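Student: One structure follows; several queries about it will come next.
The values are calculated or read from the model by the stated rules, or taken from the named source; none is laboratory data. The shown structure was predicted, so the numbers you read here are calculated from the model rather than taken from an experiment. Glycine gets a Cβ as well: all are built from the backbone with ideal geometry, and neighbour counts include every protein chain shown. Calculation scope for accessible area: heavy atoms of the full protein, side chains included, ligands and nucleic acids excluded. Shrake-Rupley method; radii C 1.70, N 1.55, O 1.52, S 1.80 Å.
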Amino acid sequence: MKFVTFSHRQAGHRQHAGILDGEQVACLTEAGLAASVLEVVQGGGAALEKVRAGLAKAPRYALADTILEAPIRPGKVLCSGINYKGHAEENPNAKMTEPFFFAKLPSSVVGPDVRVEKPVRTEQMDYEVEFTAVIGKHLHKASEADVMPAIFGYTLLNDISARDVQFKDNQITIGKNFAGFAPIGPCIVTTDELTRPDDVTLKTRLNGKLLQNGSTSDWLFPLPRLISFLSHYVPLEPGDLVSTGTPAGVGAFQKPQIFMKAGDVVEIEAAGIGVLRTPIVAG
């Protein structure tokens, strides 16, 4: 199933949990099945079965008449840096012996098609397509065998970065967390539908030009290793997001460099999840 959070003028523009089904969205909230996607994630298998059992009776809206929001409001967003062989090769400073993580703050999370301002404090606004796991169970000091059963599903994150801020004095947190620098979506695909997270094609297009074209098969650290490692330092809870890094082709390592500016439109895409579109506007 593909879970979404959406609003609709016929539903009073309130946010609802839904299931994306082709060109329609089934409303779980109006059917009494879930008040939010986070409620389903936190409810585990029983909540999923409740949704499956009642889905046929859920009212449906045309996708074209809805506004998709960020599919979930995460408690934490933890991002893996330099986790693709191709990205490590294009980055002269990458010397990875174990997974590396940084945080995107929940306040930077936005949904599909939300206009994101280019801050006046950066001239190097970059894109990164990131395949992202949605945690479905508590994980702390977890073994690698514990990881995959604890994942609820997968979504996309555009790890927007201000490189001239990030690389000055190693200001990773500040350079990664301007307003709107964490678009996520367009949906969360459950693990029973996306069964091979280690073989997913990822793409980034800027104004229609293909700049990233990779696959999760290029991971340096596979998902069980990545999340097990992280959980030994940070307890993970249902609804947390863990991204898995970005493939080669980010703007900072293009020759010549390519950075986003007002008027640009960036689209990131993952096979099985869809396209996450973000217009860039002047700050």
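Student: In whole Hz, what ³J(HN,Hα) sequence does the stretch 120-137 give by Karplus (6.51, -1.76, 1.60; θ = phi - 60°), x for Gly and Pro?
Tutor: With the stated coefficients, the stretch 120-137 comes to 5, 8, 9, 10, 10, 8, 10, 10, 7, 6, 9, 6, 10, 8, 9, 6, x, 9 Hz.
Student: Same structure again: Assigning unit charges at the beta carbon (Lys, Arg +1; Asp, Glu -1) and nothing else, what dipole magnitude in debye, to the nearest 20, does the chain show about its Cα centre?
Tutor: 400 debye
Student: With labels modelled as points extended 7 Å from the Cα through the Cβ direction, what inter-label distance (nm, one decimal) is found for LYS57 paired with LEU105?
Tutor: Label-label distance for LYS57 and LEU105, simple model: 4.4 nm.
Student: Measure off 7 Å from each Cα along the Cα-to-Cβ vector at HIS232 and GLN171, then give the distance between these two points in nanometres to one decimal.
Tutor: With each label point 7 Å from Cα toward Cβ, the separation is 3.3 nm.
Student: Moving to a separate point now. Using a Gaussian network model of the chain with C-alpha springs under 10 Å, which one of ASP21, ASP126, ASP159 is most mobile by mean-square fluctuation?
Tutor: Taking springs between Cα atoms under 10 Å, the residue moving most is ASP21.
Student: What Kirkwood hydrodynamic radius, in Å, does the stretch 189-282 give when the mean of 1/r is taken over all pairs of distinct Cα atoms and then inverted?
Tutor: Taking the inverse mean of 1/r over all distinct Cα pairs, the stretch 189-282 comes out at 15.2 Å.
Student: Determine the per residue accessible area of the stretch 80-184 with all protein chains present and a 1.4 angstrom probe, expressed in square angstrom.
Tutor: Averaged over the residues of the stretch 80-184, the accessible area is 44 Å².
Student: Of ALA56, LEU78, PRO92, which is farthest towards the positive pole of the stretch 1-108's charge dipole, taken about the Cα centre with +1 and -1 on the beta-carbons of Lys, Arg and Asp, Glu respectively?
Tutor: Toward the positive end, the furthest listed residue is ALA56.
Student: Please list, in order along the stretch 229-240, the HN-Hα scalar couplings obtained from phi with the Karplus expression 6.51 cos²θ - 1.76 cosθ + 1.60 (θ = phi - 60°), rounded to whole Hz, x for Gly and Pro.
Tutor: 4, 4, 5, 6, 10, 10, x, 9, 10, x, x, 5
Student: Something else: Starting from the Cα of PHE253, step 7 Å toward the Cβ, then list every residue of the stretch 135-164 with an amide N under 17 Å from that point.
Tutor: Only 159-164 pass the distance filter.
Student: If you don't mind, another one. Counting every Cα pair in the stretch 71-159, what percent are over 14 Å apart?
Tutor: Roughly 75 percent, once rounded to a whole number.
Student: Another question, if that's okay. For the stretch 53-128 and the stretch 225-252, compute the distance between their C-alpha centroids and round to whole Å.
Tutor: Here the two parts' Cα centres lie 11 Å apart.
Student: Considering only Cα-Cα distances, which of the following residue pairs are longer than 24 Å: LYS2/LYS50; LYS85/LYS203; LYS95/LYS209?
Tutor: Too far apart for the 24 Å limit: LYS95/LYS209.
Student: Further, regarding this structure: On a full-extension model of 0.36 nm per residue, what is the gain between MET96 and VAL265, subtracting their alpha-carbon distance, rounded to one decimal in nm?
Tutor: Fully extending the segment from MET96 to VAL265 adds 57.6 nm.
Student: Please turn the phi angles of the stretch 265-271 into ³J(HN,Hα) values with the Karplus equation 6.51 cos²θ - 1.76 cosθ + 1.60 (θ = phi - 60°), one per residue in order, whole Hz, x for glycine and proline.
Tutor: 10, 10, 10, 10, 9, 9, 4
Student: Give the long-range amide H neighbours of GLY185: residues separated by 5 or more places, or on another chain, with amide H under 5 Å away, using H modelled in the peptide plane at 1.01 Å from N.
Tutor: LEU156
Student: Now, a different point. With all protein chains present, calculate the accessible area of LEU220 using a 1.4 Å probe and round the result to the nearest 10 Å².
Tutor: 70 Å²
Student: A further question on this structure: Rank these residues by their accessible area, most exposed first, probe 1.4 Å: SER215, SER143. Walk me through the intermediate numbers first.
Tutor: Numbers: SER215 25, SER143 55 Å².
My answer, sorted largest first, is SER143, SER215.
Student: Using a 1.4 Å probe over the heavy atoms of the protein chains, calculate the carbon and sulfur portion of the accessible area of the chain as a whole percent. Please report the intermediate quantities before stating the final value.
Tutor: Values: 6210 of 12220 Å².
In the chain, the share of accessible area belonging to carbon and sulfur is 51 percent.
Student: Mind ranking MET260, MET1 by accessible surface for me, highest first, 1.4 Å probe?
Tutor: MET1, MET260
Student: Something else: Give me the base-10 log of I(q)/I(0) for the chain at each q in 0.13, 0.15, 0.16 Å⁻¹, Debye formula, one uniform scatterer per Cα, rounded to two decimals.
Tutor: Reported log10 I(q)/I(0), two decimals: -0.84, -1.11, -1.26.
Student: Per residue, how large is the accessible surface of the stretch 1-73? Use a 1.4 angstrom probe and give square angstrom.
Tutor: In whole numbers, the stretch 1-73 has 49 Å² accessible per residue.
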